[in-house]
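All of the numbers you see were taken from the coordinates with simple rules; none came from a lab. Note that the structure is predicted; figures quoted are calculated from it, not measured. Here the Cβ positions follow ideal geometry from the backbone for every residue, glycine too, while neighbour counts run over all protein chains shown.
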Amino acid sequence: MHAVACIEAGKAYYTNGQRDRAQQCWELSLAYYEDKEEDVEHYARVKANLGSMLLSDNDAKKHEEGSNLIEESSSIKRSIGDLDGLANNYCNLGLYYWRGKRYERAIACTRKDLHISRTVGNLRSTASTLSNLAGIYTDTLQLKKAREALNEAKRIGEDLADTKLISLVEHGLKHVDKVGRELGQAGIRFGPAAECACGSGKEYQNCCGCADFEPVDLPYEFGGVSEDVDKIIKEMTEAGVQPSRLDFILREPDQSHQTRFAWCRMEPQDGWLKMRELPDMAGLHLASARELAEEAKDLPDSVTKPLSCILLSVCAAEAFINQVAFFLHEIQTFPENHLHQVPPELSPDAITFQRSMELTQKWEILGMALCGSYWPPKSNLWTQFRNIIYLRNELVHFKVADYEQVVPSPKETHEILKRIPLKVKTRQIPHAWPMRVLTPDVAHWCITIVEQMISLLRDGYARNRRETGDPLAK
Ligand SMILES: [Zn+2]
């Protein structure tokens with residue numbers, strides 16, 4: 001009860017302009033709630049009150065403390081699902097940055113507030129956030145967007161029959177019109193190409209306007225460092241070698257059948273996050289092939305699934321080496337570029353290399369560059385790899401020369417069948433070679449060989465790195 005009384009007393013003092021007393025009260029209630037799980041919601045709300053008050057303090061030194069308190073409060077609110085409270089935090093942050101003319105962050109926070117208020121379905125707070133957003137838009141000369149936001153707020157006011165809200169919004173709309181007239185008379189450009197109000201000298205659309213987008217709810221939380229990164233850094237450091245991001249990218253996954261769908265790159269901006277994705281097509285091709293091969297196991301007469309497996313395995317081999325080309329080329333733009341040697345065929349640009357080079361050539365060039373003395377693979381594996389590519393090409397480009405004799409069975413083994421190891425089961429049937437070759441066993445063989453090649457390149461790379469370290473320093 002004392003803690004609750006302190007919260008209310010704090011609010012009263014704050015409203016009355018007695019900030020010090022308010023702070024004392026709120027700090028007292030925080031001390032009560034600290035470490036009490038059942039009161040975590042109150043705890044987060046008091047933190048937010050205190051944070052907001054510090055943000056409006058005349059002493060700018062207190063602002064950072066205030067925004068830290070709000071961040072802490074937001075992370076609690078997010079974890080307990082207090083969306084109303086979370087929207088409120090973003091609202092206060094948005095107002096704070098708006099006052100400070102940090103429009104990028106102000107827009108990012110206010111759009112998050114709007115997104116959450118809409119999710120909750122709280123119409124009144126949605127309307128109030130729309131008015132804030134319209135204010136920021138007006139200041140940044142985005143008059144069309146300001147009108148859109150205000151008109152949406154007006155519709156909410158009409159739905160709620162809230163005459164006060166409607167008249168506030170109408171006042172806002174008049175203000176926007178007035179600003180528009182003044183800008184027109186002064187010949188000042190407005191809209192996306194307006195000069196950004198933050199003073200950067202850039203156009204709004206290429207500056208603070210970048211933060212103006214519908215926020216996305218990501219199904220995961222960010223934070224910490226991948227366990228794999230720690231492991232790799234430890235291994236490399238123990239070997240006396242400076243770690244590189246390529247060590248992480250080319251690592252052997254812990255569980256061999258784990259599928260990665262993409263690499264993500266996070267680019268933190270002022271109050272918002274830009275996220276870019278590079279699909280791991282090799283992983284996707286291989287996962288699809290494995291799934292089909294598993295299904296084909298129980299269907300000894302199946303030809304369609306084995307056909308897909310063969311094509312997909314070679315797709316994986318191609319997608320994998322193309323990714324490697326991209327990452328090795330890209331490493332030139334990072335500080336650890338001196339740790340890697342980029343082959344001359346790749347140095348101009350990664351796309352030409354990927355497009356113009358034949359598949360086995362790409363493997364040879366990049367394998368040599370990355371694995372050093374751990375390249376080439378044993379000749380048996382390399383030959384099988386080439387045979388799989390040959391098989392895939394024959395199937396894909398099926399060139400028609402003539403009928404193939406199937407009865408009586410020809411004495412000479414067919415060229416394609418010669419390329420398949422004897423232990424891999426084909427069919428002894430009176431049909432042309434594709435029907436004899438497209439078996440679950442051949443499918444399994446193709447996948448295994450491609451997996452072995454990928455593992456070999458990753459493993460050879462890691463060993464070579466631990467042994468040679470910084471090649472240019474030697
Ligand atoms: Zn700007």
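Counted residue by residue at 0.36 nm each, then reduced by the alpha carbon distance between them, the extension gain from His171 to Arg19 reaches 51.5 nm. Packing order of peptides 368-381, 73-86, highest average first: 73-86, 368-381 (average count of other Cβ atoms within 10 Å over each peptide's residues). For the chain, adding -39500 (n - 2.57) for each run of n ≥ 4 DSSP H residues and dividing by the number of residues yields -20500 deg cm²/dmol at 222 nm.
Annotation: amide H of Trp263 within the under-5 Å range of Leu278, Asp280, sequence separation 5 or more or interchain, hydrogens built in the peptide plane. The alpha-carbon of Lys234 sits under 19 angstrom from the alpha-carbons of these aspartates and glutamates, leaving out residues fewer than 8 places away in its chain: Asp247, Glu252, Asp254, Glu336, Asp459, Glu467, Asp470. Put +1 on the Cβ of every Lys and Arg and -1 on every Asp and Glu Cβ in the chain; which of Phe326, Gly191, Thr413 then has its Cα farthest towards the positive end of the dipole? Selected residue: Thr413.
Taking 7 Å steps out from each Cα toward its Cβ at Glu295 and Glu330 produces label points 3.2 nm apart. So if I take the alpha carbon set of segment 2-211, get Rg, then get Rh from the Kirkwood formula, what is the Rg over Rh ratio? Result: Rg/Rh = 1.02. Over segment 123-164, the Kirkwood radius and the radius of gyration, each from Cα atoms, give a ratio Rg/Rh of 1.01. You can think of it this way: the chain between Gln361 and Val216 has 48.0 nm of extra reach, that is 0.36 nm per residue less the Cα-Cα gap. Would you give the gap between the C-alpha center of segment 56-127 and the C-alpha center of segment 271-288, rounded to a whole Å? Here the answer is 31 Å between Cα centres. Over all Cα atoms in segment 201-280, the spread is summed up by Rg and Dmax: 17.3, 52 Å. Charge dipole (Cα centre; +1 on Lys/Arg Cβ, -1 on Asp/Glu Cβ; no other charges) of the chain amounts to roughly 1000 debye. Computed 3J(HN,Hα) for segment 333-342, one whole-Hz value per residue from the Karplus formula 6.51 cos²θ - 1.76 cosθ + 1.60 where θ = phi - 60°, is 8, 10, x, 8, 4, 6, 7, 10, 9, 9, glycine and proline marked x.
Average projection, convex hull of the Cα set of the chain: 35.1 square nanometres. Within the set Lys47/Lys174; Lys231/Lys297; Lys11/Lys61; Lys399/Lys425; Lys112/Lys144, which residue pairs have Cα atoms separated by over 30 Å? Violating the 30 Å limit, Cα to Cα: Lys47/Lys174; Lys231/Lys297. Taken one residue at a time, the phi angles of segment 191-201 give Karplus couplings (6.51, -1.76, 1.60, θ = phi - 60°) of x, x, 8, 4, 5, 5, 5, 6, x, 6, x Hz. Gly and Pro are set to x. Backbone geometry of segment 40-47 corresponds, through the Karplus equation with coefficients 6.51, -1.76 and 1.60 at θ = phi - 60°, to 3J(HN,Hα) couplings of 4, 5, 4, 3, 5, 6, 5, 4 Hz, x marking Gly and Pro. Shape verdict for segment 64-131, please, from the Cα gyration tensor: rounded (a/c under 1.5), prolate (a/b greater than b/c) or oblate. Oblate, because a/c is 1.5 or more while a/b does not exceed b/c.
For the pair Ala239 and Glu412, label points projected 7 Å from Cα toward Cβ lie 4.9 nm apart. Helix 163-186 against the longest principal axis of the chain: what's the angle in degrees, Cα atoms only, rounded to the nearest 10? So the inclination is approximately 80 degrees. When segment 2-211 is described by a simple charge dipole with +1 on each Lys and Arg Cβ and -1 on each Asp and Glu Cβ, the residue from Gln24, Gly209, Ile7 located farthest towards its positive end is Gly209.
Computed across segment 281-473, the Kirkwood hydrodynamic radius from all distinct Cα-Cα pairs reaches 18.2 Å.
Taking the charge dipole of segment 2-211 about its Cα centre, with +1 at Lys and Arg Cβ atoms and -1 at Asp and Glu Cβ atoms, the residue from Gly100, Leu150, Tyr43 reaching farthest to the positive side is Leu150.
Model label sites at Gln428 and Glu252, defined 7 Å from Cα along the beta-carbon direction, differ in position by 3.9 nm.
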